[in-house]
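The values are calculated or read from the model by the stated rules, or taken from the named source; none is laboratory data. On a predicted model such as this, the values are computed, not experimentally measured, just so you know. Every residue, glycine among them, receives a Cβ derived from its backbone with ideal geometry; neighbour counts consider all protein chains shown.
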Amino acid sequence: MRTPPRALRTGLAAGAALVVVLWLVQAAPSFRLDALFATFAHLGGLIAAYGILVMLLLMARVPAIEHGVGADRLARWHALGGRYVLTLILSHAVLALCAYAAATGADLLTAALGLLGYPALAAATAGTAALAAVGISSARAVRRRLRHETWRALHLLTYLGAALAFGHQLAGPDLAGGPLAAWLWTMLHTTVGVLLIWYRVIVPVRQALRHRLRVTEVRTEGPGVVSVVMQGIALDALRAEPGQFFRWRFLDRRLWRTALPFSLSAPPRDDILRITVKVCGDHTRRVRRLRTGVRVLATGPFGAMTAHRRTRRKVLLLAGGVGITPMRALFETLPGGPGDLTLLYRAGSAAQLVLRDELEAIAEARGAALHYLLGPSDGPFDPLAPRALGNLVPDLPEHDVYLCGPPGMARAAITALKRAGIPASRIHAERFTF
Ligand SMILES: Cc1cc2nc3c(=O)[nH]c(=O)nc-3n(C[C@H](O)[C@H](O)[C@H](O)COP(=O)(O)OP(=O)(O)OC[C@H]3O[C@@H](n4cnc5c(N)ncnc54)[C@H](O)[C@@H]3O)c2cc1C
């Protein structure tokens, strides 16, 4: 089962509407200043609490959501939504403080100290601080300075923040007065908690115990690019599809602390999985030096850029740089007869092309078109301009497009494809960043 992005958005919006109804049922109309502050504090608080739950659900790695929406899109929604949720939490706190100060006539500091005496409010304040720390560490300027592992460790504070805030939500006037609403709220939180534990803890442990993956070969494919071949047991049970990726944790002294996302660069077969990795930082440099026999914990599969997205007979695969990895797997496996598939592979120069022999063998065997678009990205000729694409791919507007490449190239390609007459709904792109 796959949940399409629109269905998920509609479901989440319907949930938010129900939360507003819950607020409306409880809200007592009044134009007194303290009552107005309190009413809107409750609304902000309820939506923020629902928002925290949604943020956790988006990151729970539920296969139906991951395979329907795509991990990169979920990460973008989570990052954007997180900002709104944090803003709502802070607004809720400020409005509640103003309501209390207006009702008691106290100054803001005295009101804040008075509020902390209410049930579960000290814990909720600590929870807000934890969530604020997560938000600050995720601000672009801060995140750039943090190691990925540090940022991830700080992100674990989200669970603490959500747990501390939960008691405050149940004690608050919107839920404390309605046993049915409190029960539903608790059930909703329990469901998301169970999904998180199941898909982020139990499933990965089960997969590790069952499949027992090991590195069997590390092969150089080109300058700074290696393929890592891994063998395991009963890998067909993973039901991995070409176009998808796993999070790989190599149990090597220098790599076990982090799980790195890499796409499958060949369709899974005979209990063998293969990834192709471009060296771009510390971890990928270590991947290049992996030795055979190293145990691997693979969590997944993730990603929605698979054959199910296809709506047309003709398909254009457009790859830039190491974005060729999922395209290579799709090029071999997407159903189609001669003339149905075209692969355009953008690279700075011929020396940077990888998996070239395989691509050419697939093109010949399948009667598929393969073109290399070579040259610097700032050169005088733009091979991704609408006219250039149209010259290479006859009937371009009739195609579905699968796209994976560096952010600049992907943006330029999407603009060109739309100008060439392909609607956004037929451009299936994946980014290699979360
Ligand atoms: C869905 C997906 C599929 C990918 N497939 C491939 C592929 O097939 N081949 C390939 O060469 N690259 C692929 N990448 C990119 C690859 O994961 C990164 O280049 C690699 O993790 C960078 O590691 P580094 O420490 O060497 O580089 P750094 O320079 O330290 O990091 C470069 C970027 O990678 C991010 N990053 C670092 N560690 C992680 C992590 N554990 N999880 C998520 N992001 C991290 C950093 O935040 C930074 O933005 C993919 C990325 C994603 C999101």
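Just to be sure, is GLY243 more than 9 Å from the ligand (Cβ to nearest atom), within 20 Å of the chain's Cα centre (by Cα), outside any strand (DSSP E or B) and among the small types (Gly, Ala, Ser)? Yes: the conditions hold for GLY243. Remark: pairs (first residue in the range 344-355, in the same structural domain as LEU318 (by TED's automatic domain parsing); second residue assigned to a strand (DSSP E or B) and among the acidic types (Asp, Glu); Cβ separation under 6 Å; 6+ apart in sequence or on different chains) = VAL354/GLU221. Selection of first residues in the range 129-147 that are touching a residue at least 24 places away in the same chain (Cβ under 8 Å) and of second residues that are surrounded by fewer than 14 Cβ atoms within 10 Å (Cβ to Cβ), restricted to Cβ pairs under 8 Å at least 6 apart or on distinct chains, gives the following pairs, ordered by first then second residue: GLY135/ARG83. In the range 331-342 there is no residue matching the filter, namely being within 13 Å of the ligand (Cβ to nearest atom) and touching a residue at least 12 places away in the same chain (Cβ under 8 Å). Restricting the search to helices (runs of 4 or more DSSP H) fully inside the range 1-92 and requiring at least 3 residues that are aromatic (Phe, Trp, Tyr) and not assigned by TED's automatic domain parsing to the domain that holds PRO242 gives 33-58. Screening the range 1-54 for residues that are more than 17 Å from GLY82 (Cβ to Cβ) and of a type in the set (Lys, Arg) and picking the one that is modelled with the lowest pLDDT gives ARG32. For the subset of the range 253-309 comprising residues that are buried (at least 19 other Cβ atoms within 10 Å of the Cβ) and of a type in the set (Phe, Trp, Tyr), which member is nearest to GLU358 (Cα to Cα)? Only one residue tops the list, namely PHE262.
Applying the set (1) more than 16 Å from the ligand (Cβ to nearest atom); (2) in contact with a helix residue (DSSP H, G or I) (Cβ under 6 Å, 6 or more places away or on another chain) to TYR372 leaves exactly one unmet item: (2). Among residues of the range 273-286 that are hydroxyl-bearing (Ser, Thr, Tyr), those with a Cβ under 6 angstrom from a residue that is part of a helix (DSSP H, G or I), sequence gap 6+ or separate chain, pair up as THR276/THR325. The residue list ALA259, ALA237, ALA319 contains one member that is outside the structural domain of ALA60 (by TED's automatic domain parsing), within 13 Å of the ligand (Cβ to nearest atom), touching a Lys or Arg at 6+ places or on another chain (Cβ under 8 Å) and farther than 14 Å from PHE432 by Cβ, which is ALA259.
Among helices (runs of 4 or more DSSP H) entirely within the range 274-376, having at least 3 residues that are under 30 Å from THR3 (Cβ atoms) singles out 324-333.
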